[in-house]
Structure formats: C-alpha cells, structure tokens
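Coordinate-derived values only; no laboratory data. Just so it is clear, the structure is predicted and the values come from calculations on it, not from any experiment. Cβ placement follows ideal geometry from the backbone for every residue including glycine, while neighbour counts extend to all protein chains displayed.
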Amino acid sequence: MARFTLCRTATAQDIDELGHVNNAVWVKWIQDIAVAHWESVASEAERAAHVWVVTRHEIDYRGNVARGESVTGETWVPDPPKGARFDRCVRFIGADGKVKVEAITTWALLDRASGRLLRVRAETAAPFMDRD
C-alpha cells in the first residue's frame, strides 16, 4: 500500500458562517485520514506500542465545499522518514475533480508507554511510502 483514500461528506456541523467547510474541520479531516491510514497498515501490536503525533501542518485552501458535498481524501508519504519524523501529503478532491485542500503534515512516532520519540524503522515506514 502507498496511497490511501477516505471519503468525507460535509454535514451541517462542518459548515462555517460563510457556508462552506470550516478550516478547523479540514484539519480534523487531515488527521482522520492519517490515523485511518496508520490503522489500515499497522498490526495490533504496533498500534498498542506506538502513537503518532502531528508536529506541523502546512495547508493550502484551494476551493470550497458546501453542506452535502463530498470530497475524496488521498494521503501518502513521499520521502523516507528522518529520525522520528516524516512528512505526509494529503489532498482532498471534490466531485468536480478539483483539488479543494492540499497539505503537508509532519508526524512524529512516539512510544505509547513512555511518550518518548522513536526512530521510524524502515519496516514501519514501508507501507506508507508512495510507489508511484
């Protein structure tokens, strides 16, 4: 696996006063797709031993999504990890085929029990790496 997709449909709770998905909701959706990707590839033992945390978000808002509209989120890791961290790319595409939001987020791997940073091993990173 390399790229992972997840669909979202905007609900009334996701909409801001301008009538489109609120920026904070996009951040949540970015986190949701990253967590879903981890859960889809990690073993039960890995999920019990490790947790990922965001250290940085860089987000470009390119279009709006209104209540009832759906987007398909796609995520992948373009480059090998650096120590405990790697960058993850995320893109949300509307039904019209246009990119609505793009992001690069940096994630760090922690030991769940101690809370300490862990070096991301090649075998942990492999299922996330983009093979395109």
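Table for the structure above
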{"item": "³J(HN,Hα), Karplus 6.51/-1.76/1.60, whole Hz, each residue of segment 57-71, x for Gly, Pro", "result": "10, 10, 10, 10, 9, 10, x, 10, 10, 9, 3, x, 7, 10, 10"}
{"item": "Segment S43-Q31, extension gain: residue separation times 0.36 nm, minus the distance between their alpha carbons", "result": "2.4 nm"}
{"item": "Counted charge near E74, where neighbours are those whose Cβ lies closer than 9 Å (Asp, Glu -1; Lys, Arg +1)", "result": "+2"}
{"item": "Whole-Hz ³J(HN,Hα) from phi, Karplus 6.51 cos²θ - 1.76 cosθ + 1.60, for segment 4-16, glycine and proline x", "result": "10, 10, 8, 9, 9, 10, 5, 9, 4, 5, 8, 8, 9"}
{"item": "Sequence-distant residues sharing a close amide H with V65 (under 5 Å, placed H)", "result": "V21"}
{"item": "Between 0 and 90°, nearest 10: helix 23-41 axis offset from the chain longest Cα axis", "result": "40"}
{"item": "From phi via Karplus (6.51, -1.76, 1.60), per-residue ³J(HN,Hα) for segment 74-82 in Hz, x at Gly/Pro", "result": "10, 9, 6, 10, x, 10, x, x, 10"}
{"item": "For P(r) over Cα pairs in 5 Å bins from 0, in percent, calculated from these coordinates, the label among (1) 2, 11, 20, 20, 14, 11, 8, 6, 4, 3, 1, 1, 0, 0, 0; (2) 2, 10, 20, 22, 17, 12, 9, 6, 1, 0; (3) 2, 7, 9, 10, 14, 16, 15, 12, 8, 5, 2, 1", "result": "(2)"}
